[in-house]
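Notes to accompany the following structure.
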Amino acid sequence: MKKELTEEKVLYLRHMSRFAPRFLAFLSLAAMAVFSIAQQNPPPTSPPATPAASTFDAKTKQDILEKLQGIVTSKAFVPGVDFSKWPTFLDTHRSDIDKADNENTFAREVNKVLRQFGVSHISLHTPRATEMRTTGTTSGLGFQIRKVDGGLEVTRVFPESPAGQAGIEPGDVVKEVEGKPADDPAQLRVDVGKTLSLKIAKKGGDTKELTLENKKFSTRYPETLTWIGDDAAVLRLPTFARGYDSKNIETLIQQVDAKAKYLVIDLRGNGGGLISNLNHFLSMFLPTGTPVGTFVSRTVADDYARNHTEGLTDPLVIAAWAERKFKTRQRDGVEPFSGKIAVLINRGSASASEICSAALKECHDAVLVGSKSLGAVLASTYGSLPDGFELQYPVQDYVTIKGERLEGHPREPDLVVDAKDDAVAKAIELMKKKASEHANSASAPTGHREKRAA
């Protein structure tokens, strides 16, 4: 297990066979000017295809497929999944793959094959998507949109993008593009270095005219802390991936520790990230060495099989047997937060954020508020392929310390909150209600408690 728990073992939501629409949205969005990460509501239309590279021919595709097959059949691992079936699966889609004439189409067709394994975290990435993942940058206008009556509504904006720097916000509506009514996302496609003139209807009612240039920008969303009254705060955590800022997190938690009794951790739209970042975050709330779950790798499964004949492909059985657990690490000078915690989740909460919400619920008695999560939790890593492509593939399953497998089992909220409702207010209300019930229970007469126990 030592080898499996390195920083390169990552937990992402983006490539789930059971959730094809969201999966395909990410692959295509990586190549578009209006770009987003870990989105909650993918746009209904497809983005432009990246122009085919001059070297992207039949031989290039074959080289990629041969290297991919070697990785899938020898390195990918999920208990009970037979990755040796790859060649058979490939044959069913070979004609469509042969017809692919550019990187995006090729990746899309290959991923149709990979989805037949029925698990998350296995996906082919284009060179552009690979660059975005490894550098934390991309190029574009920097906002996500969806088609609505009267224009194109902005649903998400990267703070450091051209759109973010120009003051565009979620809820704004693009009314015109280059003087023409905005009714098609394709109107926002523009080459790097080129500009578009836009007329924006601000959500406050004003109209603003802007010129945006497609250029490179950082995709990082900073973590934020917002106070609700004197004793409650909301910690917004967009990702556990490489944009996660441990120093900023520690600073924000210190502020929380100073005066908060109630903390809302907002993991909505958080698609996961690095195990090391997840451990760092959990260590802000749980004592050093707290076991929160078990990663089930091929090594662990093989060790189990040497002395057992039953449950060889059952991650729950293997996890219960395994001695080595995923535990929080020592954080010098950091005392775990002792107040009440609520975690906001939704369909965009996946992978590492699902582990986080499960751990806080099981080990800190946190309440979950919102809608159910995605249910896509496997540890994965990346393999390099020819021509700048890469393959994300799973190497470990995960079971919580109380024996729940998270892959295929979304987290269910304790309080279901509609997207239109104020989830933060309802979360704080629920925490205060629980605190009051606990206080009343603790102050009840001893005889009364004894009678109930009998």
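The values are calculated or read from the model by the stated rules, or taken from the named source; none is laboratory data. Remember, predicted model here, so these are calculated numbers, not experimental data. Cβ placement follows ideal geometry from the backbone for every residue including glycine, while neighbour counts extend to all protein chains displayed. Surface areas here come from the heavy atoms of the whole protein model, side chains and all, with no ligands, DNA or RNA. Shrake-Rupley method; radii C 1.70, N 1.55, O 1.52, S 1.80 Å.
A few comments on the model shown:
- Percent carbon-and-sulfur accessible area, the stretch 185-280, ignoring ligands, DNA and RNA, probe 1.4 Å: 45 percent
- Here residue 99 is the anchor, and the lysines within straight C-alpha reach of less than 26 Å, apart from those fewer than 8 places off in the same chain, are 59, 61, 67, 85, 112.
- Contour excess over end-to-end distance, with Cα ends at residue 419 and residue 94 and 0.36 nm allotted per residue: 112.8 nm
- Cleavage-rule hits (trypsin sites (Lys or Arg not before Pro)) in the stretch 196-233: DSSP loop, at most 16 neighbouring Cβ within 10 angstrom: 202, 203
- Each label was represented as a point 7 Å from its Cα along the Cα-to-Cβ direction; for residue 245 and residue 66 these points are 4.6 nm apart.
- Qualifying aspartates and glutamates (Cα of each under 15 Å from Cα of residue 199; at least 8 residues distant if same chain): 153, 169, 172, 176, 178, 183, 184, 209, 213
- The stretch 245-322, Cα convex hull volume normalised per residue, Å³: 137 Å³
- Reciprocal of mean inverse Cα separation for the stretch 292-418 (Kirkwood radius, Å): 16.2 Å
- Sparse packing (at most 12 other Cβ atoms within 10 Å of the Cβ) combined with a DSSP loop state is found for the following GluC sites (Glu not before Pro) in the stretch 300-360: 310, 323.
- Of the trypsin sites (Lys or Arg not before Pro) in the stretch 397-436, the ones in a loop by DSSP (not H, G, I, E or B) with at most 16 other beta carbons within 10 Å are 402, 420.
- Among 189-197, 62-70, the order from most to least packed when residues are scored by Cβ within 10 Å on average: 62-70, 189-197
- CD proxy at 222 nm, helix term only [per DSSP H run n ≥ 4: -39500 (n - 2.57); per residue of the chain; nearest 500]: -9500 deg cm²/dmol
- Cβ-derived FRET efficiency at R0 25 Å, residue 206 paired with residue 137, nearest 0.05: 0.20
- For the stretch 320-454, the carbon plus sulfur part of the accessible surface works out to 48%, probe radius 1.4 Å.
- With protein chains left intact and a 1.4 Å probe, residues in the chain average 44 Å² of accessible area per residue.
- The calculated FRET efficiency for the pair residue 82 and residue 102, based on their C-beta separation and a Förster distance of 41 Å, comes to about 0.85.
- Distances between placed amide hydrogens fall under 5 Å for residue 368 paired with 343, 414, 415, all partners being 5 or more residues away or on another chain.
- Largest accessible area first, the residues 86, 321, 227 order themselves as 321, 227, 86 under a 1.4 Å probe with ligands, DNA and RNA left out.
- A simple spin-label model places pseudo-atoms 7 Å from Cα toward Cβ; at residue 305 and residue 409 they are separated by 2.3 nm.
- Accessible surface of the stretch 69-138, 1.4 Å probe, proportion on carbon and sulfur as whole %: 45 percent
- Identified option (computed volume of the Cα convex hull per residue in Å³; candidates (1) 168; (2) 236; (3) 180): (1)
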